[in-house]
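Here is the structure we will look at.
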Amino acid sequence: MASSSAIASSSTAFINKKDVGFSSISAQPSFSTQNFRKRVSRKIVSVMSPQQSERKPSTTGSVKTAMTMTEKIFARASEKPQLSPGENVWVNVDVLMTHDVCGPGSIGIFKKEFGENAKVWDREKLVIIPDHYIFTKDERANRNVDILRDFCTEQNIKYFYDIKDLGNFKANPDYKGVCHIALAQEGHCRPGEVLLGTDSHTCTAGAFGQFATGIGNTDAGFVLGTGKLLLKVPPTLRFVMEGEMPDYLLAKDLILQIIGEISVSGATYKSMEFVGTTVESLTMEERMTLCNMVVEAGGKNGVVPADSTTFKYLEDKTSVPYAAVYSDAEARFVSEYRFDISKLEPLVAKPHSPDNRALARECKDVKIDRVYIGSCTGGKTEDFMAAAKVFLASGQKVKVPTFLVPATQKVWMDVYSLPVPGSGGKTCSQIFEEAGCDTPASPSCGACLGGPKDTYARMNEPQVCVSTTNRNFPGRMGHKEGQIYLTSPYTAAASALTGFVTDPREFLQ
């Protein structure tokens, strides 16, 4: 596996410090490795004592052990004063999200177990977002959205982002698009809360300092009826990223570096906490990219401490009170990984695994057939701004078909209205048109999961694709023999201009 020139090191409270394969720097943990739990002896040391006035034993209260962010969120949600990794607790769910792929199944389980006439536990805590298989003539896919609509009408669900006119998404003011981006834009993501969703990339919301993870239809059916779920408290890995982000890097490069470092199973059922000056400098959308792909490392959840950037983003999006939590200075982490981001280079994940890491410049001889920019990972406003920046800097036309799928209706509007810095007032859409890209498509998950045969930009033949999505397993974007190279929007745009996997520094420096 190729490595980048980033510097990384790892330390742990439970095993000896280890070098993770790069130039090592000393990692001084900011947490204590001491276990503060003390055993109290109950051995009888005396059966008689001199006569004296009665003296009651002193009370000091419970001894509190330091906790991580995720442990604190679990403690609040389970109404427990203290929790440790491995404990199973019933948590109260603040928000449950489902969509057109898993919603019908979850609803079916809910009705089977709680009764045909049962009511959901809280109609204002359920968010239903059609987004996966929307712009298709597939009757079964269309029927899934009908099932959601009927259920929301029956249950009087407050937050149902419906779509009826498939020919013109703009005629549906309630329709949003990709659930993970819509959850943030519509104010459903809040620090300190528990957000569950029937989609593995629900972990995206951890960018807001909350616990967010994907669950299955059976669990979702239970939550629909009770508002609770039995969860195991995950141990936490901490990733400390320091240094100024070079102008040619994006958060996608950071998470590809981490996954390449620990592998697709390196964080299995663990929380991944991201801290450091680099993380603090990221926008909310970039933090969402970082947390979005923790599941590709096997993570239970990803989380970024809430700060002024978080609070400013939420100012006009929610009136629901929330309380941010932070890891204690002496909280225990399974491991701590440290990276000097100033030395990181643009990365790709080669077929067929997100941990098949390589430097973009090492793949310059890989000829490609197409480029895809979109999804919950790489279809946000800033992702399209980044791609437009590369096209603008080059002044050239793309050499391969380049598909653009905005994540949500708001992102689509931004692509057509927001001026790109340094462009003299041009919008992303104008720059994309000049570069010869496809016209930005209707907002949805698009071809990320493949979808029905008529899904826009689906790979219906074996091709080599550079993509800003999150998975590159065989068949992921449609064809089982397709090859997908996962990259940042910078690298995707640069590759579109050359017809080969290309380091964006060719155009950005």
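The values are calculated or read from the model by the stated rules, or taken from the named source; none is laboratory data. Since this is a predicted model, take the numbers as computed values, not measurements. Backbone-built Cβ (ideal geometry, glycine too); neighbour counts: all protein chains shown. Surface areas here come from the heavy atoms of the whole protein model, side chains and all, with no ligands, DNA or RNA. Shrake-Rupley method; radii C 1.70, N 1.55, O 1.52, S 1.80 Å.
Specify which of the listed residues (Gly482, Gly478) is open to solvent by 10 Å² or more (accessible area, probe 1.4 Å) and either modelled with pLDDT under 95 or more than 20 Å from Glu286 (Cβ to Cβ) (or both).
Gly478
Need the failing condition index for Thr226 against (1) open to solvent by 10 Å² or more (accessible area, probe 1.4 Å); (2) among the hydroxyl-bearing types (Ser, Thr, Tyr); (3) more than 26 Å from Phe110 (Cβ to Cβ), just the number.
Going through the list (1) open to solvent by 10 Å² or more (accessible area, probe 1.4 Å); (2) among the hydroxyl-bearing types (Ser, Thr, Tyr); (3) more than 26 Å from Phe110 (Cβ to Cβ), Thr226 breaks only (3).
Is it true that some residue in the stretch 101-121 is open to solvent by less than 70 Å² (accessible area, probe 1.4 Å), of a type outside the set (D, E, K, R) and part of a strand (DSSP E or B)?
Among the residues of the stretch 101-121, not one is open to solvent by less than 70 Å² (accessible area, probe 1.4 Å), of a type outside the set (D, E, K, R) and part of a strand (DSSP E or B), which makes the answer no.
Give me the pairs: first residue in the stretch 179-191 and over 16 Å from Ile128 (Cβ atoms), second residue of a type in the set (Ser, Thr, Tyr) and surrounded by fewer than 24 Cβ atoms within 10 Å (Cβ to Cβ), beta-carbon distance under 7 Å, and six or more apart or on different chains, which are they?
Filtered contacts from the stretch 179-191: Arg190/Thr318; Arg190/Tyr322; Pro191/Thr310; Pro191/Tyr322.
Regarding the stretch 385-402, can at least one residue be identified that is surrounded by fewer than 18 Cβ atoms within 10 Å (Cβ to Cβ), of a type in the set (A, V, I, L, M) and within 28 Å of Tyr161 (Cβ to Cβ)?
So far as the stretch 385-402 goes, no, none of its residues is surrounded by fewer than 18 Cβ atoms within 10 Å (Cβ to Cβ), of a type in the set (A, V, I, L, M) and within 28 Å of Tyr161 (Cβ to Cβ).
Contact list please: Cβ distance under 6 Å, first residue in the stretch 299-319 and more than 18 Å from Lys72 (Cβ to Cβ), second residue part of a helix (DSSP H, G or I), pairs at least six apart or on different chains.
Tyr313/Met284
Condition check ((1) under 20 Å from Asp316 (Cβ atoms); (2) over 27 Å from the mean Cα position of the chain (by Cα)) across all residues:
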{"residue": "Glu113", "(1), (2)": "no, yes"}
{"residue": "Leu126", "(1), (2)": "no, no"}
{"residue": "Gln155", "(1), (2)": "no, yes"}
{"residue": "His188", "(1), (2)": "yes, no"}
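What residue, among those in the stretch 249-286 that are farther than 25 Å from Tyr485 by Cα and of a type in the set (Asp, Glu), is surrounded by the fewest Cβ atoms within 10 Å (Cβ to Cβ)?
The residue in question is Glu280.
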